[in-house]
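The values are calculated or read from the model by the stated rules, or taken from the named source; none is laboratory data. Everything quoted here is computed from the prediction, not taken from an experiment. Note: ideal-geometry Cβ built from the backbone for every residue, glycine included; neighbour counts use all protein chains shown.
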Amino acid sequence: MGGFDSNRGKLRRLMEERGLTSLVILGKGNMVYSTGIREPSGALVLTGGCGDYFLAPLLDYYRIQLQAPKDLEVKAFYRSGEEAIKGEVPEKDIIVGGLADAILKVIEGCSSKPALDYSWAPTPIVKTLESKLGSIEDASNSIARIRSVKEDWEVELIENALRVAEESLRRAVENLREGVSELEISGLISMSMRQLGAWGEAFPTITAFYDNTALPHHTPTTLKLTTPGPVLIDLGATLTGYNSDLTRTLWWGGGGREFNAKIEAIVEAQNAAIDTIAPGVEAWEPDRTARVTLEKKGLSKYFNHGLGHGVGVEVHEEPYMRPGSKTVLEKGMIITVEPGIYMPGLHGVRVEDLVLVTQKSRRVLTKMSKTLI
């Protein structure tokens with residue numbers, strides 16, 4: 001068993017270990033993880049003895065059916081009174097009612113101990129299910145833990161998505177010129193990713209010029225490059241369900257010696273943090289290493305976020321490397337290492353790479369140079 005079937009197999013083993021007779025998956029990331037379906041809608045229901053079902057809105061029935069694994073039974077749900085719009089969907093695959101009604105219909109008589117991915121389940125659905133089923137076990141943390149450790153094929157898909165991000169960033173940097181705007185560079189990156197075969201952006205690309213680089217989650221504007229100054233680009237691609245994440249900061253135009261010294265300081269902190277990553281290390285330790293390195297240069301007070309996070313079918317997932325995190329790093333985890341400093345009204349610097357925890361140490365997956373001049 002390999003690929004997304006392997007992922008679903010892991011969730012089935014979770015069910016067996018905890019004596020669960022059904023597992024209701026409502027989070028988009030968890031549905032992608034379990035099926036490989038692009039832009040899933042509805043719900044995935046795994047059962048102990050009644051098979052596995054994908055419950056899709058009527059409008060998405062055929063799209064989901066085309067993408068779904070062959071052993072998944074796809075059902076369509078629609079609101080009562082809308083019989084006229086059900087079209088050619090086979091009668092056996094029709095469930096009249098909303099999503100919660102469809103879930104209840106599938107597990108009725110089949111599940112005495114259901115579980116749910118509560119973290120991503122819409123509150124109205126949860127309330128309806130709890131009112132009908134009573135106690136429902138929360139499987140969210142267990143699923144997040146399973147997802148955090150990647151198999152070799154998942155690592156390969158993330159590396160593929162990273163290569164797309166790197167090439168898209170190269171093209172963007174080549175197009176930095178006087179008169180180009182933040183929005184234009186973000187748009188170029190989005191187009192490049194699709195030209196290179198990606199599903200799309202893992203998140204809206206952050207392109208920041210000048211003092212906007214001091215905003216960690218800046219939204220690109222019509223601001224144009226006019227004089228030499230800082231540029232920060234944070235991007236990621238989604239390819240075959242898995243994501244990448246990459247950030248580079250540079251000084252555009254002449255000069256910039258003082259700013260480039262700050263980039264070097266961030267790279268030094270990043271390298272020190274990466275050197276501490278290994279199986280058995282607690283997630284707070286690399287974060288602390290980066291802060292200590294920046295503290296020696298008087299910059300740690302400007303580092304106002306965690307060092308990094310896991311990347312997989314979602315661009316932010318377990319583990320999270322931040323102060324106080326006791327999560328123990330394991331072989332197969334892929335994490336961002338992205339120290340940054342942000343000086344409001346002046347500028348900011350961030351450098352971000354993806355790192356795989358290996359059997360005994362770590363491997364940096366990013367191939368692009370940390371400094372772009």
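Odds and ends about this structure:
- Check on Ser34, surrounded by fewer than 17 Cβ atoms within 10 Å (Cβ to Cβ), under 24 Å from the mean Cα position of the chain (by Cα) and closer than 22 Å to Ile125 by Cα: no
- Members of the range 164-194 that are basic (Lys, Arg), within 14 Å of Leu235 (Cα to Cα) and in contact (Cβ under 8 Å) with a residue 12 or more places away in the chain: Arg170, Arg171
- All of Glu258, Glu268 fail the test of being surrounded by fewer than 22 Cβ atoms within 10 Å (Cβ to Cβ) and farther than 14 Å from Lys370 by Cβ, apart from Glu258.
- Listed by position, the helices (runs of 4 or more DSSP H) contained in the range 1-101 that have at least 3 residues being at pLDDT below 90 and within 22 Å of Asp138 (Cβ to Cβ) form an empty set.
- Extreme residue, nearest to Gly97 (Cα to Cα), among residues of the range 35-60 that are of a type in the set (D, E, K, R) and free of Cβ contacts under 8 Å to residues at least 40 places away in the same chain: Asp60
- For the range 289-324, the set of residues classified as touching a residue at least 24 places away in the same chain (Cβ under 8 Å), of a type in the set (S, T, N, Q) and out of contact with any strand residue (DSSP E or B) (no Cβ under 8 Å at 6 or more places or on another chain) consists of Thr293 only.
- Residue list for the range 108-118, restricted to those being surrounded by fewer than 21 Cβ atoms within 10 Å (Cβ to Cβ) and modelled with pLDDT of 90 or more: Tyr118
- Condition met for Lys367 (modelled with pLDDT of 95 or more, closer than 18 Å to Val311 by Cβ and loosely packed, with under 15 Cβ neighbours inside 10 Å): yes
- Counting the residues of the range 292-324 that are buried (at least 19 other Cβ atoms within 10 Å of the Cβ) and part of a helix (DSSP H, G or I) gives 2.
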